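**Student:** Starting off with a structure, shown below.
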Amino acid sequence: MEDGQKAYRVRHSKIMTERLDELSDLIATAQKIYKTTEELFKKFASIQMNAILLDIYLEQVFPKTKKQNQKNLQPPRWLHIKDLFESHQHLQQQRVKGSLWAAYNAITQFEDYKKIRDDEEDESRLDRAWFGTSAETKLKSLQAAQKLSKAA
């Protein structure tokens, strides 16, 4: 695979057949997961969001504080995500605009590119996005979108 070719090496040995079976199972599992994910994301794209649904979705991912609820205030990150949802170039495409898919992507966009602390290294930012708090938030947003898509 070093030269860009799709190739796998399996050493000739007594357990070669077992290793090939494992590889076959791995490929089949990956294909199944990608197909399921594709269907889920297409469902997200088919669900149109209105202001109420968007607020319900954002509340599941970023719950309001008691003070925000009492004063009927929207958290600052909600405002930023709503701005991305309504104006980000990639989220305005015909089959994406206004959908649950756009809302989900607005959250992932926010989490991946939110304001970087002055002392944050690129490696730390990547770690946060892939494995840290941002990764946890993106998983939470995916689960909330799945829940919302089942109700739709």
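Each reported figure results from applying straightforward, stated rules to the coordinates on display, with no laboratory input. Everything numeric in this text was worked out from a predicted model, so none of it was measured. Backbone-built Cβ (ideal geometry, glycine too); neighbour counts: all protein chains shown.
**Student:** Sort the chain into rounded, prolate or oblate with this rule: let a ≥ b ≥ c be the square roots of the eigenvalues of the Cα gyration tensor; rounded if a/c is under 1.5, and if a/c is not under 1.5, prolate when a/b is larger than b/c, oblate otherwise. Walk me through the numbers before you get to the answer.
**Tutor:** Values: a/c = 2.53, a/b = 1.85, b/c = 1.37.
Cα axes put the chain in the prolate bin.
**Student:** Taking residue 147 as the anchor, which lysines have their alpha carbon closer than 18 Å to its alpha carbon, excluding any fewer than eight residues away along the same chain?
**Tutor:** Excluding near neighbours in sequence, the set is 42, 43, 138.
**Student:** Got the relative contact order for region 41-151 handy, in percent, Cα pairs under 8 Å and 6 or more residues apart? It would help to have the intermediate numbers written out before the result.
**Tutor:** On the way: 88 pairs, mean separation 38.7, N = 111.
Computed value for region 41-151: 35 percent relative contact order.
**Student:** Determine the dipole magnitude for the chain: charges of +1 sit on the beta-carbon of Lys and Arg, -1 on that of Asp and Glu, nothing else is charged, the reference point is the Cα centre, and the result goes in debye to the nearest 20.
**Tutor:** Values: 26 positive and 22 negative charges, 157 e Å.
I would put it at about 760 debye.
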